[in-house]
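Asker: Pasting in a structure now, in structure tokens, and then I'll have a few things to ask.
The values are calculated or read from the model by the stated rules, or taken from the named source; none is laboratory data. No experiment lies behind these values; they were computed from the predicted model shown. Quick reminder, even Gly has a Cβ in these numbers, built from the backbone with ideal geometry, and neighbours come from all protein chains shown. Heavy atoms of the whole protein, side chains included, go into the accessibility calculation; ligands, DNA and RNA do not. Shrake-Rupley method; radii C 1.70, N 1.55, O 1.52, S 1.80 Å.
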Amino acid sequence: MEFGTGFGVSALWMARAARENGLGHVWTIDDLRGVRGLLEEAVRRLRAAGFMFPCETPGDLVDTLRRHLRLEEFLTIVAETIDPGRLVAPSPIDFLFSDFGHAPEDVRALLECLLPRMSPRASILIHSASAYEPTRRLLEEFVASRGRRFSLVHLLERHDRAQNGAAWIR
């Protein structure tokens with residue numbers, strides 16, 4: 001499960017891994033509004049690399065790449081506003097990658113809605129959460145409040161960027 005599709009790069013990688021391993025299905029959810037301004041540049045670069053296809057929306061781009069890579073049976077693209085409370089994907093969820101709403105209140109809502117739907121062996125990866133101190137504290141308090149059921153690993157990059165690292169809850 002992925003929240004925050006963007007251009008679909010991580011969703012396509014995860015779907016390819018599902019295909020290569022012979023199991024799993026990736027659901028990616030995003031209304032794709034945040035990347036519309038970048039679409040023209042991405043399409044220009046893809047066409048320069050030899051991909052010739054019409055793309056009017058970021059969803060068209062992700063879907064075209066999904067078909068080009070033959071990942072249709074491993075990747076479902078849901079183009080709608082992200083609302084963990086209205087999740088359409090089946091349960092249980094084995095892996096959650098969230099790349100949207102990095103503020104503590106967004107992460108708390110995500111965890112409250114989705115923890116009951118996670119499999120016992122699930123992992124949760126939240127992009128940029130470890131680099132933003134309020135969200136980092138929230139995750140540390142969340143894990144500490146649940147005893148030994150969860151552990152938290154901060155995955156930080158060595159160089160400073162606006163979006164740096166991730167938090168891994170397992």
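Asker: Could you check how many residues of region 39-54 are under 13 Å from residue 7 (Cα atoms), modelled with pLDDT under 75 and open to solvent by 50 Å² or more (accessible area, probe 1.4 Å)?
Answerer: 1
Asker: In contact (Cβ under 8 Å) with a residue 40 or more places away in the chain and within 17 Å of residue 98 (Cα to Cα): does that describe residue 127?
Answerer: yes
Asker: I've got another one for you. Just to be sure before I move on: is residue 86 free of Cβ contacts under 8 Å to residues at least 12 places away in the same chain, of a type outside the set (Val, Ile, Thr), under 22 Å from residue 25 (Cβ atoms) and open to solvent by 80 Å² or more (accessible area, probe 1.4 Å) in the structure I sent?
Answerer: yes
Asker: Answer with yes or no whether residue 123 is modelled with pLDDT of 90 or more, in contact with an Asp or Glu (Cβ under 9 Å, 6 or more places away or on another chain) and surrounded by 14 or more Cβ atoms within 10 Å (Cβ to Cβ).
Answerer: Judged against the criteria, residue 123 is a match.
Asker: Considering region 79-102 alone, what residues qualify as being modelled with pLDDT under 90, out of contact with any Gly (no Cβ under 6 Å at 6 or more places or on another chain) and not polar (S, T, N, Q)?
Answerer: 80, 82, 83, 84, 85, 86, 87, 88, 89, 90, 101, 102
Asker: Would you point out which residue out of 94, 99, 63 is among the charged types (D, E, K, R), within 17 Å of the chain's Cα centre (by Cα), more than 12 Å from residue 3 (Cβ to Cβ) and surrounded by 17 or more Cβ atoms within 10 Å (Cβ to Cβ)?
Answerer: Checking each option against the conditions leaves just 63.
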